[in-house]
Amino acid sequence: MHCPGSLRMSEGIEDKGSSYAREGTAAHELGERVLRQRLKLQGGVAHDFIGESIEVEGELWLVTDEMADAVQVYVDHIQSRIDELDELDDEGVEAFIEHRFDLARLNPPGPMYGTSDCTLWHEGTRHLDVNDYKHGAGVAVDAERNSQLMTYALGAVVELGKRPETIRVTITQPRGHHPEGIIRSYDFGWDELIAFKQELFEAARATTELDAPLAAGEWCRFCPAHATCPAKQTQANLVAADAFAVVTPSDETELPNPEAIGDEQLRFIMEKSRQVVDWLRAVEAHVMARLERGEDFDGFKLVEGRANRRWKDPQAVDKYLRGRGLRKGERYTQRLVSPAQAEKLIKSLEGPNLPEKLWEKPEGKLKLVPSSDKRPAIERGAQDVFGIVPQD
C-alpha cells in the first residue's frame, strides 16, 4: 500500500524467509493447537507442549519455556475475549482459528486474501473481533488502523455475510516492546471499514500500472526487492552524500568522524539510518543468495560458520536419556515462574495479589528513538551519569 511499484520489483525474486519467520510459524501452530483444545473444552495450556517439536519447512523447532510463555499470553487473551462476549448474552461466540479469508466476492483488482490467527463473531452484539499473534521481538507492530487486520475484518464480513456494529482488531506481541503494552487494540465501526476498503482497492489498482511508482520507507524492511530497489539505492546515496559532504575523508575508505558533523546532518543521517542499515543487510543477503546458487562474485566467498550441536528429535532423546536412568529433573532444566505467571495462578485460586515486596521491575535498557515515538523521554543530567557528588 505504501509502495505500488514493489509488486513489479519483487517478481521472480525468491523469498526464502528467515529463521525468525519459521520460529514464528512454529509458535503460531502451538497457539492453534492450544486454542482448538480450549474450544473443544479439553482444557490445556501451551506449557503442556514444552519439550515437543514442531516441524516448519523441514526444520524442527523445540517448544521452549520462552515460546510457551509467549503463546500462553495470546491464548489467555483469546479465552478472556470469548468469556467477555459470552457474558453479554446467550448467543455465543463463533470462532475462526487460523482461517483463510478471501476478498474475491468484492471483485478486487487482484488476488487478495490472508489467514487470520483468530477471528470472533458475536451475533448478539453484532461485534467482530480480529486477533493477531506476533511472536517477533524486533519490530513492535501497531494495532491502530493496521491494514493486515482490517483486511481480515473485510474478509470476515464477506464470508459471514454480516454487517458488524462494532469491530476490534488486536495485536498480541508478548516479546515486543511497545508503549501501549504487549496487547493493544483498535476499535472502529462500519463506516471506517468501508473507507478502508476503498483505500485498499485503490492501492491495489495502483500496483497494476506499468509505471507504478516506488517509495522508500520503513515498510521496505520485508520487501523481497529490498537489495535491488533503485528507490532504496537513491535513498542510501543521499544519506552517504550528505554525510561525506561535511568532512572530506583523508582516505577513500574512511568515514567522517561523527564529532565533525553538524546537528542538521546528524539529524538527517539518524532519521534515515535504520532504512539504510536494513538496505545494507538486504544487499548482503542478496549477494549470499547468488553465491548459494553457485554464481561467482568477485571479492567475496561463502565459508562455513561455527555451529553448536542440537538434538534431531527431542522426544527420541528424552526416551533415550530416560532409558539411561536420568530422572526428569536431570533431563530438563527448570526455572521459577515469572511474576506475571505467579499472579495469574494466584488469581485463579481467588487468592491475594502478589506482594510487591517479592518483585521488582528493573529499568529498561536505554534506546534511541525518533522524537515522534509515543514513549516519554528520559531526562538525564550529570548526576545520573556521575552519581551523587559529595558537597565538600
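The values are calculated or read from the model by the stated rules, or taken from the named source; none is laboratory data. Predicted model, so just to flag it, every value in this text is computed and none were measured. Virtual Cβ from ideal backbone geometry, glycine too; neighbours counted across all protein chains shown. Just the protein is used for accessible areas: all its heavy atoms, side chains included, with ligands, DNA and RNA removed. Shrake-Rupley method; radii C 1.70, N 1.55, O 1.52, S 1.80 Å.
With both labels modelled 7 Å from their Cα along Cα-to-Cβ, the Ser147 to Leu41 distance reads 4.4 nm. Relative contact order, whole percent, for the chain stands at 13, derived from Cα pairs under 8 Å and 6 or more residues apart.
Each part gets one Cα centre, and for region 283-341 versus region 174-239 those centres are 33 Å apart.
Classified by the C-alpha gyration tensor, the chain has a rounded form. Its axis ratio a/c, with a ≥ b ≥ c, is below 1.5.
Applying the Karplus relation 6.51 cos²θ - 1.76 cosθ + 1.60 with θ = phi - 60° to region 267-272 yields 3J(HN,Hα) values of 4, 4, 5, 4, 5, 9 Hz, where x marks Gly and Pro. Apolar share of the accessible surface for the chain: 51 percent from carbon plus sulfur atoms, 1.4 Å probe. Each Lys or Arg adds one and each Asp or Glu subtracts one; over the other residues with Cβ under 11 Å from the Cβ of Ala137, this totals 0. Judged by the mean number of other Cβ atoms found within 10 Å, the most tightly packed of the peptides 286-296, 143-153, 89-99, 202-212 leads the ranking 143-153, 89-99, 202-212, 286-296. With a threshold of 21 Å on the Cα-Cα distance, the over-threshold entries among Lys232/Lys367; Lys232/Lys301; Lys162/Lys197; Lys134/Lys272; Lys272/Lys367 are Lys232/Lys367; Lys232/Lys301; Lys134/Lys272. 5 Å is the cut-off here: which amide hydrogens, built 1.01 Å from N in the peptide plane, fall below it relative to Leu214, excluding neighbours closer than 5 in sequence? Distant-sequence amide H within range of Leu214: Gly5.
Between the residues Ala307, Met1, Ser185, the greatest Cα displacement towards the positive end of the dipole of the chain, with unit charges on the Cβ of Lys, Arg, Asp and Glu, is found for Ala307. Rounded to 0.05, the FRET efficiency of the Glu218 and Lys319 pair, given R0 = 56 Å and the Cβ-Cβ distance, is 0.75.
DSSP bridge analysis restricted to the chain gives an antiparallel fraction near 75%, rounded to the nearest 5.
Considering helices alone, the calculated mean residue ellipticity of the chain at 222 nm is -12500 deg cm²/dmol, with DSSP H runs of length four and up weighted by -39500 (n - 2.57) and normalised per residue. The candidates His178, His2, His47, arranged from most to least accessible area with a 1.4 Å probe in the full protein assembly, appear as His2, His47, His178. Computed from the C-beta positions of Lys361 and Thr234, the FRET efficiency with R₀ = 30 Å rounds to 0.10. Once C-alpha pairs closer than 8 Å and six or more residues apart are averaged by separation and normalised to the residue number of region 49-132, the relative contact order reads 21 percent. For region 285-296, 3J(HN,Hα) computed residue by residue from phi via the Karplus equation (6.51, -1.76, 1.60; θ = phi - 60°) reads 5, 5, 5, 4, 4, 5, 5, 5, 7, x, 7, 8 Hz, glycine and proline entered as x.
The figure for Arg335 is an accessible area of roughly 140 square angstrom, using a 1.4 Å probe on the protein chains alone.
Computed from point charges on the beta carbon alone (+1 for Lys and Arg, -1 for Asp and Glu), the dipole magnitude for region 66-155 about its Cα centre is near 680 Debye. The 1.4 Å probe gives accessible areas that order Trp61, Trp359, Trp121, Trp311, largest first, as Trp311, Trp359, Trp61, Trp121. Only the Cβ atoms of Lys and Arg (+1) and of Asp and Glu (-1) were treated as charged; on that basis the dipole of region 150-191 about its Cα centre amounts to roughly 140 debye. When +1 charges are put on Lys and Arg Cβ atoms and -1 charges on Asp and Glu Cβ atoms, the dipole computed for region 1-77 relative to its Cα centre reaches about 360 debye. Apply the a/c threshold of 1.5 to the C-alpha gyration tensor of region 129-192 and tell me whether it is rounded, prolate or oblate. Prolate shape, in that a/c is at least 1.5 and a/b is the bigger ratio. Is region 1-153 best put as rounded, prolate or oblate by its Cα gyration tensor, with a ≥ b ≥ c the root eigenvalues, rounded for a/c under 1.5, and otherwise prolate when a/b is larger than b/c, oblate when not? Note, shape of region 1-153 comes out oblate.
Using a probe of 1.4 angstrom and keeping all protein chains present, the accessible surface of region 34-149 works out to 48 square angstrom per residue. Here the Karplus curve 6.51 cos²θ - 1.76 cosθ + 1.60, taken at θ = phi - 60°, turns the phi angles of region 212-224 into couplings of 3, x, 9, 9, 7, x, 4, 5, 6, 3, 9, 7, x Hz, with x standing for Gly and Pro. Computed from label points 7 Å out along Cα-Cβ, the spacing between Glu59 and Leu88 is 4.1 nm.
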